[in-house]
């Protein structure tokens, strides 16, 4: 069964450093998403991406964040200058042409020191 | 704005007990409703969904019925197993392709033998 994959599974970085989180969505899916989950809290939407453009973003997704689909398979989230409060589990998701049912990857746990 | 409210956990049950996790929502229009499950150390897995009023989603013995009159989507299972121990998230999405899933805070279920 096709699935969303994410790398790395864990990343530790110093405050102020740039990080890139990588995702490979399900191959025939057209919509891509990033969410985050701070430890013990709810899952929060960051951004959705369709047809090489951001289609929706939340207040959390400020100028420190960017997304890219550099090739036909990868979807990345970049945080330019990490803060302590960026420590969270980051989930990638994708959905097919109906854009409704979202399938999630296993997540990347980011720890900013 | 749109929101999802779940019953506070943790919910602690003995094996074979009946499970109900309450979920209510606030939304304009007619959202689709979902239950996702997060097993310890893993990502989010879609458990079931319902896309219109009176639809019943079901999977792995879990059921939930979309009740528009009470704006609810309560999760039920007739006989829980230890392996059902996880965090359960209720979520909604507006019926517009590629938009954000809005999650409840999650309910932790712990089942003992």
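Here, each number is a calculation from the coordinates, and none is a lab measurement. Because the structure is predicted, anything quoted here is derived from the model rather than measured. As a convention, Cβ positions derive from the backbone with ideal geometry for all residues, glycine included, and neighbour counts pool all protein chains shown.
Compactness of the protein assembly as shown was expressed as the Cα radius of gyration divided by 2.2 N^0.38 Å, which yields 1.02. Counting only Cα atoms, the range B:1-79 measures 38, 25, 21 Å along its principal axes, largest extent leading.
Would you please classify the overall shape of the range B:40-106 from the alpha carbon gyration tensor, given that a ≥ b ≥ c denote the square roots of the eigenvalues, rounded means a/c under 1.5, and beyond that prolate means a/b larger than b/c while oblate covers the rest?
The shape class here is oblate.
Principal semi-axes of the equivalent ellipsoid, √(5λ) from the alpha carbon gyration tensor of chain A, are 22, 14, 13 Å from largest down. Between residue A:68 and residue A:111, the simple spin-label model (points 7 angstrom out along Cα→Cβ) gives 2.8 nm.
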